[in-house]
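Step one of this worksheet: look at the structure below.
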Amino acid sequence: MSGPTQTTSEPITDWRQLVEYIEAGCKPPERWRIGTEHEKFVFRRSDLRRVPYEGPDGIRALLEGLQRFGWTPVLENGNPIALAQGDCAISLEPGGQFELSGAPLDTLHQTCAEVHEHLRQVKQVADELKIGLIGLGFDPKSRREDVPWMPKGRYAIMRRYMPKRGSLGLDMMLRTCTVQVNLDYQSEADMVRKFRVGLALQPVAVALFANSPFVEGKPSGYLSYRSHVWTDTDPDRAGMLPFVFERGFGFERYVDYLLDVPMYFVYRDGRYIDVAGQSFRDFMARELPGLPGEAPRLNDWSDHLTTAFPEVRLKRILEMRGADGGPWSRLCALPALWVGLLYDSAALDACSELIKDWTQEERERLRAEVPRRGLATPFRGRPLLALAQQVLEIASAGLRARATRDSSGEDETVYLDALREIVAEGRTPAEALLDAYATRWNGSVDPVYTEQAY
């Protein structure tokens, strides 16, 4: 999750400023970039428990150890709660999940080099602290009450508010990890096409990256329990956004949606003010109960944009948010999939044609069933596997058209290899974990901390 906007900005006096703020994200294709974010669980090797913030092997020690590589600490109440280096950031999720927010880069080759270097640095410090990191969509062993909270004001507000809106919101905060890619758009029309394709095909990504079958040491009945968690987190700010597919959708309609998403906080003078459940519309009218008479600023709007959690999120970028955390190869595969689908005009045309007659009922049914059934989910008389194969072919063609090669002469399609293997086997990564649990792991999830560790 993002941190607060640190700079003071101009007051908002007109609704058009909200629209123009997002509209300013439009860029010509030569300026399109790729930004990859991924989260990891941090655990003690001695007992496989999640590490706390304090202590000789805690999250603070990990953050401090990474500063040898040129990272600058970001402090909140004297505590390092993030690191910054150029356009990159390392931040903490509520339960200490360790997140890299990568720089906006030109190619997938650069993205994967960035991921590799980050994991090298983190592993070096983690080895010294005798802790490990693992990429899964949901914590396979820890109970909610056993996960330590990080000392961030934003999370204290969300911790109080989440149980009022859904039964799994605290699990989302404490026990999930994801990988996502942030992509650009050229214009409002381009944003709309990419948003629609991204939302419609998000269940395909959920299935291909499904990697969270365990809850508290046992199979949960889901292949992506992380994806299931989002169905009961907060109906005001999560889901498939049916209005995106309606005639007339654009920046203005998304702003209207965001104005109706209840607020969490306002950040002022280094502290978070709890306004959870209150309205940004009231804020615009200077009638916010938590800050009576005060007008919002553009940085308040920027912060508010980060508190909606749909399957695809619009800011000054589009965020593809459907994938479980996973091993190194799939950290590169997620951006490869979406860059292939959305950054080549022929591929985007093919995707738009593919989804053009899908109904809202079909999209919602996929969203509901894929977390449990994965690639076996039926869709229009075939298993979702067939659609995933088709989508991968489109993505491959899109990456080939980019013709971007590394020093060895490989183009970007190499990063889809991990997904091709999944499709060839016809089963999700979660099913491979379940097979191991039932056979060579002898009914224990403990081996996952060795086999899936970075």
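The values are calculated or read from the model by the stated rules, or taken from the named source; none is laboratory data. Values in this document were obtained by computation on a predicted structure and should not be read as measured data. Please note: Cβ atoms are built from the backbone with ideal geometry, for glycine as well, and neighbour counts cover all protein chains shown.
Applying the criterion of being touching a helix residue (DSSP H, G or I) at 6+ places or on another chain (Cβ under 6 Å) and among the acidic types (Asp, Glu) to the residues of region 163-221, the residue that is surrounded by the most Cβ atoms within 10 Å (Cβ to Cβ) is ASP171. Can you tell me which residues in region 27-57 are farther than 22 Å from GLN452 by Cβ, part of a loop (DSSP other than H, G, I, E, B) and over 24 Å from the mean Cα position of the chain (by Cα)? Within region 27-57, PRO28, GLU54, GLY55, PRO56 qualify.
Is it true that some residue in region 265-274 is within 22 Å of the chain's Cα centre (by Cα) and touching a residue at least 60 places away in the same chain (Cβ under 8 Å)?
Start the filter on region 265-274 by keeping residues that are within 22 Å of the chain's Cα centre (by Cα), which leaves 265.
If we keep only those that are touching a residue at least 60 places away in the same chain (Cβ under 8 Å) too, we end up with 265.
The answer is yes; a qualifying residue exists.
Taking the numbered list (1) part of a loop (DSSP other than H, G, I, E, B); (2) exposed (fewer than 15 other Cβ atoms within 10 Å of the Cβ) in turn, ALA386 passes all entries but (1).
Within region 160-193, the set of residues being over 17 Å from the mean Cα position of the chain (by Cα) and in a helix (DSSP H, G or I) comprises ARG160, TYR161, MET162, PRO163, LYS164, GLU188, ALA189, ASP190, MET191, VAL192, ARG193. When ARG16, ARG60, ARG68 are checked against the criterion of being crowded, with 16+ Cβ neighbours inside 10 Å, out of contact with any Leu (no Cβ under 9 Å at 6 or more places or on another chain) and not in a strand (DSSP E or B), ARG60 stands alone in meeting it. When VAL229 is tested against (1) without any contact (Cβ under 8 Å) to a residue 12 or more places away in the chain; (2) touching a strand residue (DSSP E or B) at 6+ places or on another chain (Cβ under 8 Å); (3) aliphatic (A, V, I, L, M), just one condition goes unmet, and that condition is (1). Of all residues in region 283-301, those that are on the phi < 0 side of the Ramachandran plot have Cβ atoms under 6 Å from Cβ atoms of residues that are aliphatic (A, V, I, L, M) and assigned to a helix (DSSP H, G or I), 6 or more apart or on another chain, in TRP301/LEU18. Out of the residues in region 194-215 meeting the condition of being farther than 30 Å from PRO447 by Cα and of a type in the set (A, V, I, L, M), tell me which one is nearest to the chain's Cα centre (by Cα). Here the residue is LEU199. For region 289-316, the candidate set comprises residues that are in contact with a Gly (Cβ under 6 Å, 6 or more places away or on another chain) and in a loop (DSSP other than H, G, I, E, B); within that set, the residue that is surrounded by the fewest Cβ atoms within 10 Å (Cβ to Cβ) is ARG316.
Applying a threshold of 6 Å to beta carbon distances and a minimum spacing of six or more residues, or different chains, the list of pairs starting in region 419-438 at a residue that is farther than 18 Å from PRO335 by Cβ and at pLDDT below 95 and ending at one that is of a type in the set (D, E, K, R) and surrounded by 15 or more Cβ atoms within 10 Å (Cβ to Cβ) is empty.
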